[in-house]
Amino acid sequence: MKKIFTLIASALLTMGASAQSWNFSDWEVKDYTEPAEVNGLKINAASNKKISIDENSKTVGEVTYTKRLKFGGSGSATSRNIGFTAAGAGTLKVILTSGSSSEDRPLGVSLGETEIGTATAKGGAVEAATIDITGAGEVTIYSKQSAINLYLVEFTPAGGPIVIDTDKWDASTIDLATNISESENSNPNLKKVPSVYPGEAPSEEQIIADATAPLTLKEYTFTVKSPNVTLTGVSTPNSPNADGEQDEPWRIVASDARQFLNLDACPVKFEGGYLQAKTGNPSLGAVEYFFTNSDKKTVGPRYVETNTYWTPDCGKLPVKGEYYEVSFAQAGTFVAGLFIQRPTSNLYIIDKATIQLLAPSAITIAGYNNNNTVKPAEDADAYQPMKVNDDYTISFANPDYTINAGKQVFGHVSFNVEAGKTYLLFNPKNQLGIYGFQFTPGGDPSGVETIKTEKVWNANAPMYNLSGQLVDKSYKGIVIQNGRKFVNK
């Protein structure tokens with residue numbers, strides 16, 4: 001099948017739920033002879049156990065590093081080391097080399113006081129190495145044998161940002177490239193009429209009365225996985241026309257910069273186009289038919305929605321249409337960048353096992369209506385807190401602002417999830433596009449109302465870090481403002 005899009009990991013250089021990265025090319029040349037902390041990286045040095053930054057140029061791949069961190073000798077989890085706090089499991093990457101051109105040396109990594117992995121610093125070679133960090137806690141990095149030099153330290157939490165980005169396609173460097181796959185979806189609620197109707201389109205009653213054979217539709221799916229999240233997009237588009245032609249089921253919608261979710265106010269930046277199925281609103285059943293018009297041309301396929309669209313009380317899952325199915329290995333918070341075609345049609349998120357809707361109060365949404373240049377009021381920002389109403393339509397959280405019902409919503413939708421559960425996201429009467437997602441492990445899935453969407457956003461409200469300390473807008477990392485938690489970059 002044709003590759004039509006790419007999903008790539010995008011590491012944000014911030015603290016907390018996003019990646020933490022330290023490129024020593026950016027550091028001041030200096031000898032550390034006592035404990036210090038630089039940009040969140042703790043340096044455990046002493047007068048007799050020095051750690052230094054000096055100038056040294058090396059190129060790894062396409063990246064040139066101009067400085068290095070030097071362990072002047074061996075250390076341990078408690079002495080002569082560098083370290084940081086990991087909020088959860090993830091992957092540690094280091095660019096390293098031995099202090100000796102002819103001798104390989106071991107680099108140790110501990111979580112707390114327990115060593116969880118090692119990497120080899122090669123003599124005469126600068127290479128990247130990765131170590132799995134198995135959980136939350138204090139991570140320390142040290143030489144187990146004499147001098148070792150580091151050029152980069154980077155930690156990426158499990159379930160980091162996944163971004164659809166067709167502009168950066170390079171199959172040799174992207175691990176999460178994926179193909180569209182097909183499967184059959186035959187269901188007794190899907191029927192077809194025996195032949196093409198001559199003349200104008202028949203009545204709905206006539207079509208339903210004549211429907212006989214079961215209709216088999218193909219499901220066109222894509223799947224992307226991160227350590228804690230499996231996202232599958234499902235589409236059952238119109239079947240081939242009378243000439244056997246079939247459109248591509250999924251497409252990347254090329255957005256201009258006004259439609260990117262990359263504003264400073266955004267909790268996660270998405271800069272590519274969004275992925276969207278070409279056709280197929282989620283429904284419970286359908287009858288397919290073709291007819292010939294007055295010009296003797298075959299028209300179709302057309303559908304009569306025999307059981308209409310999915311409704312909250314139907315007790316069934318959709319059998320036709322477009323939806324996203326998301327499964328989680330851990331509890332946490334899921335943030336999706338969504339294109340919502342109309343705010344007046346319903347945004348549904350359901351627990352697949354129970355076919356129960358998440359309550360509107362369990363869903364947090366913020367974004368813009370139409371594009372990022374359109375403001376709901378002269379003195380307002382385009383990016384605004386929104387809310388999911390009791391009927392699952394979308395409006396601005398500020399009651400003084402009126403949403404444009406005829407224009408799309410581009411925004412971030414977040415909700416807390418439980419480990420082992422699968423959720424479906426869809427819009428029963430309009431299609432739903434997705435830019436990508438970010439997942440943050442941890443948290444209490446029952447605490448779904450900690451973010452109050454009814455509150456009007458105040459850009460000047462006090463801002464706090466996760467320790468409850470008051471910080472200003474220059475602080476980089478996870479912050480809480482207006483009762484909402486987000487990444488300040």
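The values are calculated or read from the model by the stated rules, or taken from the named source; none is laboratory data. Values in this document were obtained by computation on a predicted structure and should not be read as measured data. Positions of Cβ are backbone-derived with ideal geometry, glycine not excepted, and every protein chain shown enters the neighbour counts. For the accessible areas, the whole protein counts, side chains as well, though only heavy atoms, and no ligand, DNA or RNA atoms are used. Shrake-Rupley method; radii C 1.70, N 1.55, O 1.52, S 1.80 Å.
Whether any residue in the range 273-295 is closer than 30 Å to Gly442 by Cβ and not aliphatic (A, V, I, L, M) is what I want to check. Taking every residue of the range 273-295 in turn, at least one turns out to be closer than 30 Å to Gly442 by Cβ and not aliphatic (A, V, I, L, M). Scan the range 377-389 for residues that are outside any strand (DSSP E or B), farther than 15 Å from Ser345 by Cα and either modelled with pLDDT of 95 or more or open to solvent by less than 40 Å² (accessible area, probe 1.4 Å) (or both) and the total you get is 4. Determine if the range 121-128 includes at least one residue that is in contact with a strand residue (DSSP E or B) (Cβ under 7 Å, 6 or more places away or on another chain), open to solvent by 10 Å² or more (accessible area, probe 1.4 Å) and at positive phi. Scanning the range 121-128 turns up no residue that is in contact with a strand residue (DSSP E or B) (Cβ under 7 Å, 6 or more places away or on another chain), open to solvent by 10 Å² or more (accessible area, probe 1.4 Å) and at positive phi. Only a single criterion out of (1) in contact with a Phe, Trp or Tyr (Cβ under 9 Å, 6 or more places away or on another chain); (2) without any contact (Cβ under 8 Å) to a residue 24 or more places away in the chain is not satisfied by Ile148, namely (2). Inspection of the range 288-299 finds a residue satisfying the criterion of being surrounded by 20 or more Cβ atoms within 10 Å (Cβ to Cβ), charged (D, E, K, R) and more than 26 Å from the chain's Cα centre (by Cα). Here the condition is being closer than 27 Å to Ser327 by Cβ and assigned to a loop (DSSP other than H, G, I, E, B); of Tyr423, Tyr401, Tyr392, it holds for Tyr392 alone.
The strands (runs of 3 or more DSSP E) found entirely in the range 155-238 that carry 2 or more residues being modelled with pLDDT of 85 or more are 181-192, 213-225, 229-235.
Pairs linking a residue in the range 418-435 that is open to solvent by less than 30 Å² (accessible area, probe 1.4 Å) to a residue that is among the aromatic types (Phe, Trp, Tyr) and assigned to a loop (DSSP other than H, G, I, E, B), with Cβ atoms under 7 Å and 6 or more positions apart or on different chains, are Pro428/Trp310.
One residue stands out among those in the range 60-78 that are assigned to a loop (DSSP other than H, G, I, E, B) and among the polar types (S, T, N, Q): the one that is least open to solvent (accessible area, probe 1.4 Å), which is Ser76.
Here Asp351 qualifies as acidic (Asp, Glu) and under 24 Å from Gly442 (Cβ atoms).
Of the residues making up the range 24-59, those that are open to solvent by less than 40 Å² (accessible area, probe 1.4 Å) and in a strand (DSSP E or B) are Tyr32, Ala36, Val38, Leu41, Ile43, Ala46, Ile51, Ser52, Ile53, Asp54, Asn56.
Whether a residue is open to solvent by less than 30 Å² (accessible area, probe 1.4 Å) and over 30 Å from Gly90 (Cβ atoms) was assessed, and Tyr348 passes this test. When the range 259-272 is filtered for residues that are open to solvent by 10 Å² or more (accessible area, probe 1.4 Å) and either of a type in the set (A, V, I, L, M) or assigned to a loop (DSSP other than H, G, I, E, B) (or both), the ones remaining, listed by number, are Phe260, Asn262, Leu263, Asp264, Ala265, Pro267, Lys269, Glu271. The residues of the range 301-328 that are over 26 Å from Ser195 (Cα atoms), buried (at least 18 other Cβ atoms within 10 Å of the Cβ) and not hydroxyl-bearing (Ser, Thr, Tyr), listed by number, are Trp310, Pro318, Glu322, Glu325, Val326, Phe328. Considered as a group, the residues in the range 68-103 that are among the charged types (D, E, K, R) and more than 34 Å from the chain's Cα centre (by Cα) include one that is nearest to Ile43 (Cα to Cα), and that residue is Arg80.
Here Gly337 meets the list (1) modelled with pLDDT of 90 or more; (2) under 25 Å from the mean Cα position of the chain (by Cα) almost entirely, failing just condition (1).
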